[in-house]
Amino acid sequence: MSNKMWGGRFTERPDAIMEEINVSIDVDRHLHAQDIRASKAHAAMLAAQGIITENDAKNIADGLDTILSEIGEGRFTFKRALEDIHMNVESRLAELIGPAAGRLHTARSRNDQVATDFRLYVRDVIDATDAALAAFQQVLAERALQHAATVMPGFTHLQTAQPVTFGHHLLAYVEMAARDRGRFADARKRLNESPLGAAALAGTSFPIDRDLTAKALGFDRPMANSLDAVSDRDFVLETLAAAAIAAMHLSRFAEELVIWTSPLVGLVRLSDKFTTGSSIMPQKRNPDAAELVRAKTGRVIGALTGLLIVMKGLPLAYQKDMQEDKQGAMEAFEALSLSIRAMTGMVADLVPEEARMEVAAGEGYATATDLADWLVRTLKMPFREAHHVTGRIVAKASEAGVALHLLPLSQLQAAEPRITAQVLDVLSVQASVKSRTSYGGTAPKNVLAQAKAWLKRLEKERKLG
Ligand code: ARG
């Protein structure tokens, strides 16, 4: 038998390989809720416009509700021979309500149908991602508040640079997550238009009301061009781009956790809940979750580049290539969701090794800039000269094998006779961070204020939410 949905002009069955390459039900079954929602909106509109009877529309809606619960309860048999979710649903509808099911596809095509379903799906993903990122920010800001004054080494080139606070470091990721959320929100605005009613590519001769279906599905308006509506996937790409950048941020943080938890570094201890042991080395505490967050970023970036490559050679309008838009994207969104939740979990109960952090913050002459700044401020020395004098003092300390604040005053004065004991005030790591009060700087009082401001903002968002 040829295909019962579109087989009118066919006499032979498709080859088994044809079926296998064509089938998409394993992937697009995840669109079932969106597909049913869109079909209900379409049927209601067809009835409102007098294109089908109210009675048929009612039977269609009831049948679709039945199918939704069948799928939800695992009682639905997805058939590969029916290719995709759209035909699986319609075929089951025919079993449930008879010939009226055939009226649902009036003034519609699978092309505008799948574009609508996937927009609804990606919109749901964006909303869930935004909530997950907000929860991540919440935990980061709470831990930042708690560690506003915990001193740790700040790095450039992964070399000890200047002391910073742990809270300041955590708040850097709150800012990144905020921009990530902004990118998702931007993508959502452009995504939120309805392709439904574009039909196959040219629109339809039926007197449909596209505003009505757009409104019913929570879209801002119908898309203005039917060719564009069925053929672009930029909404997936934009969301994947936002996902790739967010994943990249998480990956950098994950990499830091991997470094910080190495026994060679020992700045942070992850809880047992977020570490694993080794089957052979009993002493091991491996940061697997952080490593996997780092690795899953590859999947997200891969999905973005993969879909860009699928799309870049396609003439208008719908091409079957576009069926390949879903699997990579869905896997990428799932990977990102898991990564955000894993990072949130790790941050919630990690323990900074405060004593080790403070010692490490002072290693590598991390307060050398503070010494140079003191020379500028107190002796009115030009910064370039102060940099030079400080360099000579660092060399002496390095030779003597001691930290800057432990170098005898006479040695400091040998480099610059006007230096007084007062300089010792700025050479401690605590004094260093305390002095960084410029806007956006690491001073504990700044960090405290920023953490509080974020917590307030997040709480306000939740109330409005
Ligand atoms: N499964 C298809 C997809 O995901 C649905 C649209 C099929 N349209 C068509 N004309 N064959 O792209």
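The values are calculated or read from the model by the stated rules, or taken from the named source; none is laboratory data. Keep in mind that what you see is a predicted model, and the values were worked out from it rather than measured. Cβ atoms come from the backbone with ideal geometry, glycine included; neighbour counts cover every protein chain shown. What goes into the accessible areas is simple: the full protein's heavy atoms, side chains included, and nothing from ligands, DNA or RNA. Shrake-Rupley method; radii C 1.70, N 1.55, O 1.52, S 1.80 Å.
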query: Do we find that residue 370 is away from the ligand (no atom under 16 Å from the Cβ), of a type in the set (D, E, K, R) and surrounded by 15 or more Cβ atoms within 10 Å (Cβ to Cβ) in this structure?
result: yes
- prompt: When both residues are 6+ apart or on different chains and their Cβ atoms are under 9 Å apart, which pairs have a first residue that lies in the range 309-334 and is charged (D, E, K, R), and a second that is part of a loop (DSSP other than H, G, I, E, B) and more than 9 Å from the ligand (Cβ to nearest atom)?
  reply: 321/313; 321/314; 325/233
task: Go over the candidates 211, 228 one by one and state the one that is in contact with a strand residue (DSSP E or B) (Cβ under 7 Å, 6 or more places away or on another chain), in a helix (DSSP H, G or I) and of a type outside the set (S, T, N, Q).
output: 211
- request: Sort out which residues of the range 10-60 are within 15 Å of the ligand (Cβ to nearest atom) and free of Cβ contacts under 8 Å to residues at least 60 places away in the same chain, and write them in order of number.
  value: 10, 14, 18, 20, 21, 26, 29, 32
statement: Going through the range 2-24 in order, the residues found to be surrounded by 13 or more Cβ atoms within 10 Å (Cβ to Cβ) and outside any loop (DSSP other than H, G, I, E, B) are 7, 19, 22
statement: When the range 270-299 is checked residue by residue, the ones that are within 21 Å of the chain's Cα centre (by Cα), within 21 Å of residue 174 (Cα to Cα) and open to solvent by less than 50 Å² (accessible area, probe 1.4 Å) are 289, 290, 293, 297
statement: Over the range 401-415, the set of residues free of Cβ contacts under 8 Å to residues at least 12 places away in the same chain and under 49 Å from the mean Cα position of the chain (by Cα) is 401, 402, 406
field: Subset of the range 92-109 that is of a type in the set (D, E, K, R) and buried (at least 20 other Cβ atoms within 10 Å of the Cβ) - its residue that is farthest from the chain's Cα centre (by Cα)
entry: 92
- line: Note on the range 110-144: residues closer than 23 Å to residue 206 by Cα and either surrounded by fewer than 18 Cβ atoms within 10 Å (Cβ to Cβ) or of a type outside the set (Asp, Glu) (or both) are 110, 111, 113, 114, 115, 116
Test for residue 302: is it within 16 Å of the ligand (Cβ to nearest atom) and under 17 Å from the mean Cα position of the chain (by Cα): no
- request: Considering each residue of the range 306-359, count those that are away from the ligand (no atom under 16 Å from the Cβ) and over 28 Å from the mean Cα position of the chain (by Cα), and give that number.
  value: 7
statement: By residue number, the members of the range 245-269 that are under 18 Å from the mean Cα position of the chain (by Cα) and among the small types (Gly, Ala, Ser) are 246, 247, 251, 254
message: Checking the condition at pLDDT 95 or above, part of a helix (DSSP H, G or I) and in contact with a helix residue (DSSP H, G or I) (Cβ under 7 Å, 6 or more places away or on another chain), which residue from 259, 301 passes?
response: 301
query: Could you count how many residues in the range 231-250 are part of a helix (DSSP H, G or I) and within 16 Å of the ligand (Cβ to nearest atom)?
result: 5
statement: Residues of the range 416-429 being open to solvent by 10 Å² or more (accessible area, probe 1.4 Å) and either within 35 Å of the chain's Cα centre (by Cα) or not polar (S, T, N, Q) (or both), in sequence order, are 416, 417, 418, 421, 424, 425, 426, 429
- request: Tally the residues that are of a type in the set (Ser, Thr, Tyr), assigned to a strand (DSSP E or B) and crowded, with 19+ Cβ neighbours inside 10 Å, restricting the search to the range 145-177.
  value: 1
task: Return a yes/no flag: does the range 358-375 have any residue that is touching a residue at least 12 places away in the same chain (Cβ under 8 Å) and more than 23 Å from residue 152 (Cα to Cα).
output: yes
message: Step by step: first the residues of the range 46-89, then only those that are open to solvent by less than 30 Å² (accessible area, probe 1.4 Å) and assigned to a loop (DSSP other than H, G, I, E, B), then the one that is nearest to residue 28 (Cα to Cα). Which residue is that?
response: 84
message: I'm trying to understand the selection: among the residues of the range 91-144, which are in a loop (DSSP other than H, G, I, E, B) and more than 16 Å from the ligand (Cβ to nearest atom)?
response: 106
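Each row is one residue, and each column tells you yes or no for (1) under 30 Å from residue 433 (Cβ atoms); (2) open to solvent by 50 Å² or more (accessible area, probe 1.4 Å); (3) part of a helix (DSSP H, G or I).
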residue	(1), (2), (3)
308	no, yes, yes
318	no, yes, no
321	no, yes, yes
329	no, no, yes
340	yes, no, yes
356	yes, yes, yes
360	yes, no, yes
374	yes, no, yes
task: Sort out which residues of the range 56-69 are under 37 Å from the mean Cα position of the chain (by Cα) and among the small types (Gly, Ala, Ser), and write them in order of number.
output: 61, 63, 69
- request: Take the residues in the range 70-90 that are more than 33 Å from the chain's Cα centre (by Cα), in contact (Cβ under 8 Å) with a residue 12 or more places away in the chain and away from the ligand (no atom under 13 Å from the Cβ), then tell me which one is farthest from residue 21 (Cα to Cα).
  value: 79
